[in-house]
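Peer 1: Take a look at this one; I'll ask things after.
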2 protein chains.
Amino acid sequence: MPDPRTVFFVSDRTGITAEMLGNSLLSQFEDFKFQRVTMPYVDTPEKIESVLRRIDDVATREGRRPLVFSSIVEESMSAQLGHANALVLDLFQVFIAPLESELNAKSSHAAGRSHGIANSHEYFSRIEAVNFALAHDDGASTRDLAKAQIILVGVSRCGKTPTTLYLALQFGIRAANFPLTPDDFADKTLPASVLPHRDRLVGLTINPERLKQIRGERRPGSKYATLENCDYEVREAEQMMQRESITVLDTTTKSIEEIATTLLHRAGLQRHAY
Amino acid sequence: MPDPRTVFFVSDRTGITAEMLGNSLLSQFEDFKFQRVTMPYVDTPEKIESVLRRIDDVATREGRRPLVFSSIVEESMSAQLGHANALVLDLFQVFIAPLESELNAKSSHAAGRSHGIANSHEYFSRIEAVNFALAHDDGASTRDLAKAQIILVGVSRCGKTPTTLYLALQFGIRAANFPLTPDDFADKTLPASVLPHRDRLVGLTINPERLKQIRGERRPGSKYATLENCDYEVREAEQMMQRESITVLDTTTKSIEEIATTLLHRAGLQRHAY
């Protein structure tokens, strides 16, 4: 395998969008290794100049051009960065011209509109969603449960908490989650506090082998983590979801992003990625 | 103001990257209103066909072309979507050719490498970071604090918790946070449990007026939320941070993304946006 190739993510703001798109593109080249460097808040000609020097140094040292994914709103600074001894792909400039032409309007070319708190009402409601997720994690509170847009149920460690937090942070969705426990299985009924909200219930499930692995990391050697117990809990939970006609999503091979996207898509909830 | 223009985000996977870049571009056109529709998991020619029909319906109904931000890895399906009666901007195809040429390699053109759990070790450590953030939220636990990559301190409601969770979910960074309370101010000392880790401490602060507003939403009419008390706590906290030579970041006008990016940048922690 050749040496890793250096990749720069250069942005006048956080660089998160540049990194996401860049990583998504790089993941298409499986046989390569990449060494990533993120450079956020590059928002003056002087900072661009210093980035140019750094890129050129790497190009000289490695004997080949680095890759640069950039997101620079200001045209002249983007052009300045284009002089780097690198393959420079500006995610912003390439799309702004066709948009200007289609909308028949000039863009404001002002940095920092994305990932900021320009819309403070929207931002505040997103932070409220995070507080809501924390207050309603793992059945901690049943207060204001009527305000939940979605309520996840499932056995311990099937992915409820990270999904709930991701829904709040990334999409501003108010999500709660409730564990399904052996007590619920003995009663053959859902936790009483979620019953009035069944229209917003979604079940998460997981492969028992995978669950055993996850629980084992957390409580090695416990009965909780045995395959026998995981098998039992997952089977009971799935039967309960079926009995109660709750939609079920298997999280075994899904990332938080995939779980969250699938949940919102199925629930018909429009989202806004921040 | 004209009617909102319809914007589609079409992806063979979650669509999160397409939405982020699309929203970032659209935020440059301040005088326009947009109606957003996200269509994830469009990964067969039949699904593309159904999306095409929906886009064409909207074009006919609104009497103008919608905007489409797409991220479709498979070339023929991307070309198929290009036939829509819309301005179609494919975030993926436009960059893959120059990358193939630069790397002198064909891309795998396989969907689903991003936002998935292809690298399960990395994914697991990211979920562990979320568990760590929850376990170490608001000083809840001092166990394993040595494993924290960053420890935030600051007064109640200055933004510690959402930032900690974001660092974990988006970047896989293990972050803890500790409140600074009137008890600490009376003692004129940092909480004892964070003292051994001062190299990883970062202080968050906030404008007292803004803090009053945030606390007031939470506990209206409380002493906790008075301007006088907010003033006092912020002043004491800032003095303590100065005395202890802790870097301070003002969160008043910053989003979670901006706070997280700035913290990592200052701490010199390399990140990986998922």
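Peer 1: Rounded to the nearest 20 debye, what is the charge dipole size of chain B about its Cα centre when +1 sits on each Lys and Arg Cβ and -1 on each Asp and Glu Cβ?
Peer 2: 380 debye
Peer 1: A follow-up question, please. Over all directions, the average projected area of the alpha-carbon convex hull for the range A:183-274 comes to how many nm²?
Peer 2: 7.3 nm²
Peer 1: Okay, next question. Mind computing the radius of gyration and Dmax over the alpha-carbon atoms of the range A:104-228? Å is fine for both.
Peer 2: Values for the range A:104-228 (Cα only, Rg and Dmax): 18.7, 65 Å.
Peer 1: How crowded by other chains is B:152-164, given as the mean number of beta carbons from other chains within 10 Å of each beta carbon?
Peer 2: 1
Peer 1: If I take every Cα pair under 8 Å that is 6 or more residues apart in chain B, average their sequence separation and divide by the length, what percent do I get for the relative contact order?
Peer 2: 14 percent
Peer 1: Something else about it: Copy-to-copy spacing for residue A:53, label 7 Å out on the Cα-to-C-beta vector, in nm, shortest first?
Peer 2: The answer, with the shortest distance listed first, is 6.1 nm.
Peer 1: Next question, about the same structure. Once Rh is set to the Kirkwood radius over Cα pairs, what Stokes-Einstein translational diffusion coefficient, in µm²/s, holds for the range A:176-223 at a temperature of 20 °C and a viscosity of 1.002 mPa s?
Peer 2: Translational diffusion coefficient: 167 µm²/s.
Peer 1: Taking N as the number of residues in the protein assembly as shown, what value does Rg over Cα atoms divided by 2.2 N^0.38 Å take?
Peer 2: 1.00
Peer 1: Something else about it: For a quick size check, give me the Cα extents of the range B:1-120 along its three principal axes, largest first, whole Å.
Peer 2: So the three principal-axis extents are 47, 31, 30 Å.
Peer 1: Calculate the spin-label point distance for residue B:3 paired with residue A:61, positioning each point 7 Å from the Cα along the beta-carbon direction, and give it in nanometres.
Peer 2: About 5.7 nm, to one decimal.
Peer 1: Hey, what number do you get for the protein assembly as shown at 222 nm if only DSSP H runs of n ≥ 4 count, each worth -39500 (n - 2.57), divided across all residues, to the nearest 500?
Peer 2: My calculation for the protein assembly as shown gives -13500 deg cm²/dmol from helical runs alone.
Peer 1: Among A:209-220, B:157-168, what's the highest-first ranking by average C-beta atoms within 10 angstrom per residue?
Peer 2: B:157-168, A:209-220
Peer 1: Now for a separate question. For B:10-22, what's the mean count of beta carbons from other chains sitting within 10 Å of each residue's beta carbon?
Peer 2: For peptide B:10-22, the averaged partner shielding equals 6.
Peer 1: Return the FRET efficiency for the residue pair residue A:104, residue B:269: r is the Cβ-Cβ distance, R0 is 41 Å, and the value is rounded to the nearest 0.05.
Peer 2: It comes to 0.40.
Peer 1: Excluding residue B:160 itself, what net charge comes from residues whose Cβ is under 12 Å from its Cβ, given Lys and Arg +1 and Asp and Glu -1?
Peer 2: -1
Peer 1: Would you mind classifying the range B:15-56 by shape? Square roots of the alpha carbon gyration tensor eigenvalues, ordered a ≥ b ≥ c; an a/c under 1.5 is rounded, otherwise it is prolate if a/b is larger than b/c and oblate if not.
Peer 2: oblate
Peer 1: Tell me the distances, shortest first, between residue B:209 and the same position across the other copies, using label points 7 Å along Cα→Cβ, in nm to one decimal.
Peer 2: Here residue B:209 shows inter-copy label distances of 6.1 nm.
Peer 1: Can you return the lysines within cross-link range of residue B:160? Criterion is Cα-Cα under 27 Å, with same-chain partners fewer than 8 residues away left out.
Peer 2: Within the straight-line cut-off, residue B:160 pairs with A:147, A:160, B:147, B:188, B:212, B:223, B:254.
Peer 1: To continue, here is another question. Could you sort the peptides A:234-240, B:58-64, B:262-268 by per-residue average Cβ neighbour count (10 Å cutoff), highest mean leading?
Peer 2: Output ranking for A:234-240, B:58-64, B:262-268: A:234-240, B:262-268, B:58-64.
Peer 1: Around residue A:274, what is the net charge, scoring Lys/Arg as +1 and Asp/Glu as -1 over all other residues with Cβ under 10 Å from its Cβ?
Peer 2: Combined, the nearby Lys, Arg, Asp and Glu give -1.
Peer 1: Shortest first, in nm, what separates the label point of residue B:143 from those of the same position in the other copies (7 Å along Cα→Cβ)?
Peer 2: 2.7
Peer 1: Another question, then. Classify the range B:137-211 as rounded, prolate or oblate, taking a ≥ b ≥ c as the square roots of the eigenvalues of its Cα gyration tensor: rounded when a/c is under 1.5, otherwise prolate if a/b is larger than b/c and oblate if not.
Peer 2: Oblate, because a/c is 1.5 or more while a/b does not exceed b/c.
Peer 1: Considering the range B:67-109, what Rg and Dmax in Å follow from its alpha-carbon atoms?
Peer 2: Cα-based Rg and Dmax for the range B:67-109 come out at 11.2, 34 Å.
Peer 1: Which of these, A:171, A:124, A:29, has the largest mean-square fluctuation under a Gaussian network model of chain A (Cα springs below 10 Å)?
Peer 2: Maximum fluctuation in the GNM of chain A, among the listed residues, is at A:29.
Peer 1: Now for a separate question. Pick out, from B:10, A:273, B:263, the residue whose Cα sits farthest towards the positive end of the charge dipole of the protein assembly as shown, with +1 on the Cβ of Lys and Arg and -1 on the Cβ of Asp and Glu.
Peer 2: B:263
Peer 1: How high is the relative contact order of the range A:174-261, in percent, with contacts defined as C-alpha pairs under 8 Å that are six or more residues apart?
Peer 2: 34 percent
Peer 1: Further, regarding this structure: Over all directions, the average projected area of the alpha-carbon convex hull for chain A comes to how many nm²?
Peer 2: Dividing the Cα hull surface by four gives the mean projection, 18.8 nm².
Peer 1: I've got another one for you. Find out how many positive minus negative residues lie around residue B:150, taking Lys and Arg as positive, Asp and Glu as negative, among other residues whose Cβ is under 9 Å from that of residue B:150.
Peer 2: +2
Peer 1: Take the Cβ-Cβ distance between residue A:143 and residue A:235 as r, set R0 to 41 Å, and report the resulting FRET efficiency rounded to the nearest 0.05.
Peer 2: Efficiency, rounded to the nearest 0.05: 0.80.
Peer 1: Take each complete run of DSSP H in chain B, measure how far its Cα atoms stretch along the helix's own axis, and keep only those covering 18 Å or more with mean Kyte-Doolittle hydropathy at least -0.5; list them.
Peer 2: B:120-135
No lab work stands behind these numbers, since they all come straight from the coordinates. All of these numbers come straight from a predicted model, not from anything done at the bench. Note that each Cβ is placed from the backbone with ideal geometry, even for glycine, and that neighbours are counted across all protein chains shown.
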